[in-house]
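Structure record follows, encoded as structure tokens.
The values are calculated or read from the model by the stated rules, or taken from the named source; none is laboratory data. Remember, predicted model here, so these are calculated numbers, not experimental data. Neighbour counts run over all protein chains shown; Cβ positions are idealised from the backbone, glycine included. Side chains included, ligands, DNA and RNA excluded: accessible areas come from the protein's heavy atoms. Shrake-Rupley method; radii C 1.70, N 1.55, O 1.52, S 1.80 Å.
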Amino acid sequence: MDNHDKQNQSPEINWVEKGLSCCSCLELLLWPRFVHKLLNIPNNNSDYSADSDDSVCDLLSAESLCYQPNESGYKDSNGDEFHHDSNGDFPRLRRQKSETLRAQYIDTKELRVSVNTWNLGGEFPPEDLDIGEWLDTDCPADVYVIGFQEIIPLNAGNIFGSEDDRPIPIWENIIRENLKTQPVKTKFKCYSDPSSPSRFKPIDAPSLPDETLLESDTEICFFSDSVTIDSEEKGVEFDESYEDSKSFKTYRPLESYLSGDNKVKHEVNVPKKLDLDSILYRKRKSQYVRIVSKQMVGVFITIWVRRSLRKHIQNVHVSTVGVGVMGYIGNKGSISVSMSIYQTHFCFVCTHLTSGERDVDIVKRNTDVSEIHRRTRFNSESTVALPRSILDHERIIWLGDLNYRFDLSYEETRHLISKKAWSKLLESDQLWKGGTFEGWTEGTLNFPPTYKYEPNSDTYYGEDPKVGRRTPAWCDRILSFGKGMRQLSYKRIEHRLSDHRPVSASYMVEVEVFSLRKLQRALTRL
């Protein structure tokens with residue numbers, strides 16, 4: 001008897017089969033789906049969607065090493081191999097245990113990470129929804145983590161039946177369009193000595209559409225006596241000198257040299273190697289790419305990164321845990337994403353925990369968190385030392401509708417809200433009681449509770465006693481764990497699409513990067 005037959009004869013499945021023996025034909029059609037959810041059969045790590053990969057990892061030309069998950073080690077330009085340390089966090093030279101030596105070829109840099117969560121209450125968005133304020137597109141980030149709860153209504157058909165993914169493309173299009181509107185950071189830099197007054201008249205540089213970016217993040221730097229183009233993928237330096245100020249005395253707008261037959265004239269002294277046509281008319285691509293989108297019933301997470309950062313992201317794995325009906329169904333639970341950004345391991349956990357204001361609900365929420373930690377697993381079949389659980393990662397962010405409430409009555413809560421006594425409310429916040437999130441940190445809660453509002457209103461549900469009451473609460477939270485994360489903002493946004501208000505947080509996160517130059521110098525000293 002094979003393992004599959006043994007599994008099908010387990011007591012749990014026999015019990016479920018007996019309990020559903022009188023199901024209708026429609027329910028029987030949904031049986032495989034129900035069993036899959038009931039037994040929490042893990043999804044394949046590649047069971048998520050992403051934009052197509054058009055970047056290439058070039059070990060010898062990149063400033064940092066690109067991690068290859070199927071390799072047991074790395075090789076430098078001379079073919080010498082070096083391996084992971086015992087924790088799998090960093091490569092190390094063979095037979096070399098010196099932390100001092102490791103530090104000699106590691107650089108650090110900071111990335112801006114925007115984290116956003118919103119319980120949609122099953123509401124479909126208008127296709128022209130402006131979420132720029134929520135994503136804080138005025139301060140563009142390197143990484144956007146966006147989590148939704150109840151992206152579809154949590155009815156029986158969606159919980160036990162086929163997964164309704166109709167809202168997913170709508171939201172992804174909204175996100176894509178809002179990220180396109182971000183201002184592209186100008187990369188035209190001017191250097192002169194003396195800096196003022198300038199010896200040259202300014203060049204009218206061509207303007208590029210805000211929503212597009214050249215295929216590579218190209219920097220064009222105009223020096224007083226040379227021109228250099230720095231590209232992340234390829235750097236080319238032009239040493240041909242300009243003639244003092246004569247080069248610019250009879251300047252014309254750059255567009256005039258690119259239109260019709262007025263191509264760049266030789267007398268302008270622009271180096272022949274500088275092909276402006278190829279730069280300006282190169283295929284344009286959006287500034288951000290989607291590296292993960294994953295849905296589990298009503299929970300959905302999507303992660304977007306700068307196109308230039310994509311090739312430095314490796315080891316992307318997804319783990320889903322259902323803690324809802326019967327403790328396994330995905331109407332409540334988590335989607336966790338593990339990835340390496342440069343040489344630092346990140347984990348993003350999007351969750352929707354048990355709701356309710358009773359004491360038993362508080363216990364169940366804490367149990368949900370413990371189950372998510374226990375059952376979330378990554379890289380279980382990998383031979384490389386990579387993070388296996390949530391807490392194995394170096395930088396962790398937990399976001400979602402955590403559903404924790406206040407140990408206060410409705411009247412007491414509303415009174416403190418009216419006085420904006422946020423610190424007093426926080427003293428009664430259930431999230432920090434019981435030690436479930438001991439060691440985690442959160443930004444300052446200086447905004448009103450995010451739950452529960454009447455539809456299309458700024459009025460909390462329950463002001464009219466005839467319609468029932470729900471005590472307001474900070475249900476929607478963003479927490480972090482690990483060193484090297486500096487929080488810049490924590491706020492809620494006044495979108496009225498659902499009975500929750502969306503919340504966003506931004507961080508400056510330190511990542512460790514291998515410098516090829518430093519590594520080569522370290523290897524030569526061995």
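Our compactness index for the range 379-526, the C-alpha radius of gyration over the empirical 2.2 N^0.38 Å, is 1.44. Figure note: K424, K483 ranked by solvent-accessible area, largest first, 1.4 Å probe, ligands and nucleic acids not counted: K483, K424.
Residues of the range 459-483 with the amide nitrogen closer than 13 Å to a label point 7 Å from the Cα of V363, along Cα-to-Cβ, please. Nothing falls inside the zone, counting backbone N under 13 Å. Computed with a 1.4 Å probe over protein heavy atoms only, the accessible area of C347 comes to about 0 Å². Computed over the alpha-carbon atoms, the range 391-472 gives an Rg to Rh ratio of 1.02, Rh here being the Kirkwood radius from the mean inverse distance. Taking the alpha carbon gyration tensor of the range 338-426, multiplying each eigenvalue by 5 and rooting it gives semi-axes of 36, 16, 8 Å, largest first.
Based on C-alpha pairs under 8 angstrom that are at least 6 apart in sequence, the range 434-526 has a relative contact order of 28 percent.
Distance between the 7 Å Cα→Cβ label points at S515 and R486: 2.0 nm.
Projecting the Cα atoms of T351, P455, S382 onto the charge dipole of the range 320-458, computed from C-beta unit charges around the Cα centre, puts S382 farthest toward the positive end. Per-residue surface analysis assigns L488 an accessible area of about 70 Å², computed on protein heavy atoms at 1.4 Å probe radius. Computed over every Cα-Cα pair of the range 444-526 and binned at 10 Å starting from 0, the pair-distance distribution P(r) comes out as 15, 30, 19, 14, 9, 8, 4, 1 percent. Ordering H415, H317 by accessible surface, largest first, gives H415, H317; the 1.4 Å probe counts only protein heavy atoms, with every chain in place. Normalised by 2.2 N^0.38 Å, where N counts its residues, the alpha-carbon radius of gyration of the range 276-380 equals 1.44. Taken about its Cα centre, the range 428-500 carries a charge dipole of about 200 debye when Lys and Arg each add +1 at the Cβ and Asp and Glu each add -1 at the Cβ.
Across the protein chains, with a 1.4 Å probe defining accessible surface, the residues R414, R166 rank R166, R414 from largest area downward. Taking a 32 Å limit on the Cα-Cα distance, which of the listed pairs K424/K466; K294/K419; K180/K433; K332/K419; K332/K483 fall beyond it? From K424/K466; K294/K419; K180/K433; K332/K419; K332/K483, over 32 Å: K294/K419; K180/K433; K332/K419.
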